[in-house]
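The values are calculated or read from the model by the stated rules, or taken from the named source; none is laboratory data. Just so it is clear, the structure is predicted and the values come from calculations on it, not from any experiment. Neighbour counts are summed over all protein chains in view; Cβ atoms, including those assigned to glycine, are modelled from backbone coordinates with ideal geometry.
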Amino acid sequence: MRSSRRDFLARSAQMGVLLGAGVPLLQACGGDSASSGGKVTKGIADGLEPESGPLRIINYADYVNPDVIADFEKEFGVKVEISTIDTDTESVTKLASGAIKADVNHSMANTSIGNLINGGLLQPLNKSYLTNAGNIVATFNDPWYDPGATYSMPYTYFGTGIGFRADRIDPAKVASQGWDTVWQATDFKGQVSVLDDEREAFVMAMLRRGLTDVNTTDPKVIDQALADVMELIDLVNVKVNIEGYKDIPEGNTTIAHTWSADLIAGAAGYLPEGTTSDVLGFWHPPAGEYVVTNDSMGVMADAEHPVLAHLYINYLLDNDVSEKNFSWVGYLPALTKLDADYVIGAGYVPENLRTCVPTSEEIEKGLYYKPLGTEGDALYEAAWSKFTAGG
């Protein structure tokens with residue numbers, strides 16, 4: 001897993017989106033077209049020949065395996081050009097303004113897909129070209145952010161929990177304490193971290209109190225979450241960062257509020273020589289209390305090569321191609337075949353990190369971040385500023 005994508009995750013929840021937040025999704029109408037914020041976007045017809053390219057993609061740096069891109073170029077006889085961005089806001093801004101022309105939006109955050117639809121920036125997918133769509137995890141056939149998967153196909157997914165050094169704290173103790181582990185880690189002062197993301201950090205505090213509305217904008221709930229997180233400054237001298245992927249395996253952090261993919265990446269590339277992956281552990285809440293996040297792929301409404309764009313998305317949904325991509329990127333593809341048993345058996349994930357692979361039930365019952373609107377964002381940002389300023 002690459003640091004540029006982590007940086008995006010830490011910043012994305014703190015930024016508004018150019019086309020507004022919290023607008024309702026508009027469903028497809030008339031089969032091959034959809035009304036989007038007063039605009040109409042049309043999908044392509046069946047049976048068209050692919051264009052000669054080049055295929056233009058907008059994506060985060062290092063968020064697709066270069067060998068997968070090379071394989072696609074060879075198989076379809078085209079060139080692929082990738083424009084890189086650092087944040088989802090930057091992506092939407094540059095696409096809306098025309099600063100970047102793209103055929104495929106490779107990694108859309110689920111909180112902004114509705115804005116892209118309503119802004120008329122995405123076209124409905126023609127699923128006759130997506131013959132590999134049957135490989136995806138069932139929940140993503142009708143996700144909350146895109147009913148009927150009309151405009152998007154899933155790319156990667158992961159969950160939020162606690163990564164820890166299992167040679168320093170008993171996994172059974174973490175499991176019994178749950179989120180309270182972070183507050184109870186007084187023996188590890190200076191070795192505890194929370195994610196540098198206001199929604200992630202405050203939702204952790206809410207979940208600790210048994211509150212599962214992860215999209216609340218109730219000022220009292222947010223203020224209580226702030227007070228709870230503020231306690232960590234004195235209790236454990238908490239660090240605020242997105243470095244769990246390396247700090248836990250390297251031993252600089254013992255307990256980290258972090259993403260499941262970070263532990264997979266840590267096991268693969270950040271353990272010191274002679275240290276085995278069994279020193280790592282990951283806990284997350286049960287299904288129904290577990291925050292799950294995903295990125296998605298879509299075809300731009302003004303794509304110059306829409307058939308090729310569909311074929312590229314279909315290519316990434318192939319089981320073998322997706323496995324090759326995962327082996328380099330480190331984020332799990334949302335495909336049924338690449339479940340915990342498979343990725344562990346293939347040696348990509350150690351058995352002791354099975355919990356890093358969300359199950360179908362955990363995805364189906366997952367808690368998902370949704371747009372909060374301008375006022376909601378402002379509440380979280382104001383509270384976060386108090387926390388990062390030390391009160």
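From the list H305, H310, H257, which residue is surrounded by 17 or more Cβ atoms within 10 Å (Cβ to Cβ), closer than 22 Å to L232 by Cα and of a type outside the set (V, I, T)?
Details: H305 fails: closer than 22 Å to L232 by Cα; H310 fails: closer than 22 Å to L232 by Cα.
None of the others qualify; the one that does is H257.
Could we say that I248 is more than 18 Å from G288 (Cα to Cα), modelled with pLDDT under 95 and in contact with a Lys or Arg (Cβ under 8 Å, 6 or more places away or on another chain) here? Break it down into steps so the answer makes sense when it comes.
Values: more than 18 Å from G288 (Cα to Cα): yes; modelled with pLDDT under 95: no; in contact with a Lys or Arg (Cβ under 8 Å, 6 or more places away or on another chain): yes.
Answer is no for this residue.
Just one of V194, V229, V240, V214 is assigned to a strand (DSSP E or B) and more than 19 Å from I169 (Cβ to Cβ); which is it?
Just one listed residue meets the conditions, V240.
Exactly one of (1) touching a Phe, Trp or Tyr at 6+ places or on another chain (Cβ under 9 Å); (2) at pLDDT below 95 is unmet by N241. Its number?
All conditions are met except number (1).
Can you tell me which residue in the stretch 109-138 is surrounded by the fewest Cβ atoms within 10 Å (Cβ to Cβ), limited to those that are among the polar types (S, T, N, Q) and assigned to a loop (DSSP other than H, G, I, E, B)?
Pass one, the stretch 109-138, residues among the polar types (S, T, N, Q): 110-112, 115, 118, 123, 126, 128, 131-132, 135.
Still in the running and assigned to a loop (DSSP other than H, G, I, E, B): 110-112, 123, 126, 131-132.
On the way: N110: 22, T111: 22, S112: 25, Q123: 26, N126: 19, T131: 12, N132: 18.
Among those residues, the one meeting the criterion is T131.
Only one of (1) of a type in the set (S, T, Y); (2) assigned to a helix (DSSP H, G or I); (3) touching a Phe, Trp or Tyr at 6+ places or on another chain (Cβ under 7 Å) is not met by T181, so which one is it?
Among (1) of a type in the set (S, T, Y); (2) assigned to a helix (DSSP H, G or I); (3) touching a Phe, Trp or Tyr at 6+ places or on another chain (Cβ under 7 Å), the lone unmet condition for T181 is (3).
Quick one: T216 ticks every box in (1) in contact (Cβ under 8 Å) with a residue 12 or more places away in the chain; (2) within 23 Å of the chain's Cα centre (by Cα) except a single one, so which number is it?
Among (1) in contact (Cβ under 8 Å) with a residue 12 or more places away in the chain; (2) within 23 Å of the chain's Cα centre (by Cα), T216 violates only (1).
Here's a check for you: in the stretch 41-71, which residue that is under 21 Å from G98 (Cα atoms) and not in a loop (DSSP other than H, G, I, E, B) is modelled with the lowest pLDDT?
Top of the filtered list is T41.
For P285, work out the one condition from (1) at pLDDT 95 or above; (2) part of a loop (DSSP other than H, G, I, E, B); (3) surrounded by fewer than 23 Cβ atoms within 10 Å (Cβ to Cβ); (4) over 18 Å from the mean Cα position of the chain (by Cα) it doesn't fulfil.
Of everything listed in (1) at pLDDT 95 or above; (2) part of a loop (DSSP other than H, G, I, E, B); (3) surrounded by fewer than 23 Cβ atoms within 10 Å (Cβ to Cβ); (4) over 18 Å from the mean Cα position of the chain (by Cα), P285 misses just condition (4).
Given the criterion in contact with a Leu (Cβ under 9 Å, 6 or more places away or on another chain), over 26 Å from K365 (Cα atoms), touching a residue at least 12 places away in the same chain (Cβ under 8 Å) and not assigned by TED's automatic domain parsing to the domain that holds T111, identify the matching residue among A185, A205, A225.
Details: A205 fails: over 26 Å from K365 (Cα atoms); A225 fails: over 26 Å from K365 (Cα atoms).
Exactly one of A185, A205, A225 is in contact with a Leu (Cβ under 9 Å, 6 or more places away or on another chain), over 26 Å from K365 (Cα atoms), touching a residue at least 12 places away in the same chain (Cβ under 8 Å) and not assigned by TED's automatic domain parsing to the domain that holds T111, namely A185.
How many of the residues in the stretch 351-370 are assigned to a loop (DSSP other than H, G, I, E, B) and in contact with an Asp or Glu (Cβ under 7 Å, 6 or more places away or on another chain)?
Just the residues of the stretch 351-370 that are assigned to a loop (DSSP other than H, G, I, E, B), to begin with: 357-359, 365-366, 368-370.
This time we only want the ones that are in contact with an Asp or Glu (Cβ under 7 Å, 6 or more places away or on another chain), so: 357.
Final tally of qualifying residues: 1.
Among the listed residues V194, V229, V236, identify the single one that is among the β-branched types (V, I, T), within 22 Å of the chain's Cα centre (by Cα) and either at pLDDT 95 or above or crowded, with 19+ Cβ neighbours inside 10 Å (or both).
Numbers: V229 fails: within 22 Å of the chain's Cα centre (by Cα); V236 fails: within 22 Å of the chain's Cα centre (by Cα).
Sole residue among the options that is among the β-branched types (V, I, T), within 22 Å of the chain's Cα centre (by Cα) and either at pLDDT 95 or above or crowded, with 19+ Cβ neighbours inside 10 Å (or both): V194.
Pairs please, first residue from the stretch 334-363 and free of Cβ contacts under 8 Å to residues at least 60 places away in the same chain, second anywhere and crowded, with 20+ Cβ neighbours inside 10 Å and part of a helix (DSSP H, G or I), Cβ atoms under 8 Å, 6+ apart in sequence or on different chains.
L338/S322; L338/F326; V343/F326
So which residues in the stretch 283-317 are touching a strand residue (DSSP E or B) at 6+ places or on another chain (Cβ under 9 Å) and farther than 25 Å from L95 by Cβ, if there are any at all?
Passing the criteria: W283, H284, P285, G288, E289, Y290, V291, V292.
Please specify each residue of the stretch 288-340 satisfying the condition of being closer than 19 Å to L353 by Cα, outside any helix (DSSP H, G or I) and within 16 Å of the chain's Cα centre (by Cα).
Within the stretch 288-340, Y290, V291, V292, T293, G330, Y331, L332, P333, A334, L335 qualify.
Of everything in the stretch 72-90 that's surrounded by fewer than 16 Cβ atoms within 10 Å (Cβ to Cβ) and part of a loop (DSSP other than H, G, I, E, B), which residue is modelled with the lowest pLDDT?
My answer is D86.
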